[in-house]
Amino acid sequence: MERKIVHTDLDTFFVSCARKENSQLNGIPLIIAGTSGRGVVSSCSYEARVFGVRSGMPTSMALRLCPQVKVVKGDMEYFSKMSHLVTEVIQSKAPLVEKASIDEFYLDITGMDKFFGCYKWTHELIELVTKETGLPMSFALSVNKTVSKIGTGEAKPVGRLEIKEDNVRPFLNPLPIQKIPMLGDVTFQLLSRVGIRTIQTLSEMPVNVLQQMIGKNGIEIWKKANGIDNNPVEPYSERKSISTETTFEEDTIDVSKLRLLFVGMIEKLAFQLRSEEWLTSIVSVKIRYSNFDTEQKQSKIAYTSCDHMLIPKVTELFDKVYTRRMSLRLIGIRFSGLVRGTYQINMFEDTTEMMSLYQAIDKMKNRFGFDSVMRCAGAEMKPKIDKKKWPYKK
């Protein structure tokens, strides 16, 4: 039976949410970004894109390209609420749903043709999402996740597209190789230098040659260029929290060493958040005294996955919860109130330098191991890493 896989994407999600709250923002160049002069554009309207504005661009550059652009500060709590609402609508109708990010979904509706017609059913679902939430959404229906995702990108904005099995190659062939999911800028530059700029040219390369050029990912990229993707739609379940604890071999009252240990624990959990594309909004600190009394404090924070924002909050909570001059046998941290999102698009007040730093650090950790790059404080008393769970992947 031919697979029927749908990819859906909320069009300019953050912009659409802002316009839903304030209709005066409709039809004008608009960016969602930090309000500081060194902030970064996390989302931009199609009216702003006409002037060359793009996501990930420094806000100052966006203002130079489009002086009349309206800058709105992102409200991650509201965006998360709207994402949950969209998720509820889709899950109420679709048989199998994977939430790929805060604003995109995969649906497996294989076999529904004999009852409804897959394209008609999907079209009606997207219309229902827009009716219930007020947010525009595009979709593409095809035989696998790769082709449907590329299709949605081509269909935007507010597009509907079906790519049947016999039309997969004609659809993919003329497109630039940057359209292939997970083909990064470094790989694009490498392939472009040897004249490989379209998906058709890439698909016709001998797979072993491609693997020699770009490494182990060569086979996967070659398959995607040929419209081959057997990855299943993974059922979606919302993760509630991530946490870590350390029980000491000997009870301790050394506050300085405890704070150093907290830094290492935070680095570990924050890296896991970024690797799995989560943001946290609630930080909890737990301690257990030598007499087994256990106490805990928590605090709400702005959505983040960044060490430099989490370390001061954890330190503050520890100072509040540790009130007795008594040895401790256990300390722990939990991050909850999780929402899907990435550091790159959701840290509205951070600079491009800070974003680049985190990206570089995470890249080295993924390549050489978690311990390869750490703060001096965290490295002095680094937490144990569960090798069975390494590396952290979605």
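What follows draws every value from the coordinates through simple rules; no lab data is involved. Fair warning: this is a prediction, and the values are worked out from it, not measured in the lab. Positions of Cβ are generated from backbone atoms using ideal geometry, with glycine treated the same way; all protein chains shown enter the neighbour counts.
Among Thr280, Thr130, rank each residue by its count of other Cβ atoms within 10 Å, from fewest to most, as a rough exposure measure.
Ascending number of Cβ neighbours within 10 Å: Thr130, Thr280.
Taking the chain as a Gaussian network, Cα atoms linked when under 10 Å apart, which of Met205, Met265, Met61 shows the biggest mean-square fluctuation?
Of Met205, Met265, Met61, the Gaussian network model singles out Met205 as fluctuating most.
Please report the net charge: other residues with Cβ closer than 11 Å to the Cβ of Ile28, K and R +1, D and E -1.
On the way: positive: Arg19, Lys70; negative: Glu47.
The answer is +1.
Can you pull out the GluC sites (Glu not before Pro) in the stretch 216-248 whose DSSP state is coil and whose Cβ has at most 13 other Cβ atoms within 10 Å?
Sparse-neighbourhood loop GluC sites (Glu not before Pro): Glu238.
In the stretch 115-179, which chymotrypsin sites (Phe, Trp or Tyr not before Pro) are in a loop and have at most 10 other Cβ atoms within 10 Å, using DSSP for the loop call? Don't skip to the end; give the middle numbers.
Working: sites: Phe115, Phe116, Tyr119, Trp121, Phe139, Phe171; in loops: Phe115, Phe116.
Loop-located and lightly packed - Phe115.
Run the numbers on the stretch 1-164 and let me know its relative contact order in percent, using alpha-carbon pairs under 8 Å that are six or more apart. Mind dumping the intermediate values first?
Values: 305 pairs, mean separation 50.5, N = 164.
In percent, rounded to a whole number, it is 31.
Among Lys120, Lys4, Lys223, which comes first, second and so on when ranked by fewest other beta-carbon atoms within 10 Å?
In order of increasing Cβ crowding within 10 Å: Lys120, Lys223, Lys4.
Do you know the relative contact order of the chain, to the nearest whole percent, from alpha carbon pairs under 8 angstrom that are 6+ apart? Numbers along the way, then the final one.
Working: 697 pairs, mean separation 70.0, N = 394.
About 18 percent, as a whole number.
Here are some values of percent of Cα pairs over 41 Å apart: [x] 9; [y] 33; [z] 21. Which one was computed from this structure?
Looking at percent of Cα pairs over 41 Å apart for this model, the match is [z].
Given the DSSP H assignment, sum -39500 (n - 2.57) over each helix run of at least 4 residues in the chain and divide by its residue total; what's the result at 222 nm in deg cm²/dmol, nearest 500?
Dividing the helical sum by the residues of the chain leaves -12000 deg cm²/dmol.
Report the extension gain between Asn231 and His308 in nm, rounded to one decimal, defined as 0.36 nm multiplied by the number of residues separating them, less their alpha carbon distance.
Separation in residues times 0.36 nm, less the Cα-Cα distance, equals 24.1 nm.
Tell me, what HN-Hα J-couplings in whole Hz come from the Karplus equation 6.51 cos²θ - 1.76 cosθ + 1.60 at θ = phi - 60° for each residue of the stretch 167-180, using x for Gly and Pro?
Result, rounded to whole Hz: 10, 4, 5, x, 6, 6, 3, x, 6, x, 5, 4, 6, 6.
Give me the net charge of Gly159's neighbourhood, meaning all other residues with Cβ under 12 Å from the Cβ of Gly159; Lys, Arg count +1, Asp, Glu -1.
Surrounding charge for Gly159 is -2.
What is the set of long-range amide H partners of Ala100 at a cut-off below 5 Å, with H atoms built 1.01 Å from backbone N?
Phe105, Tyr106
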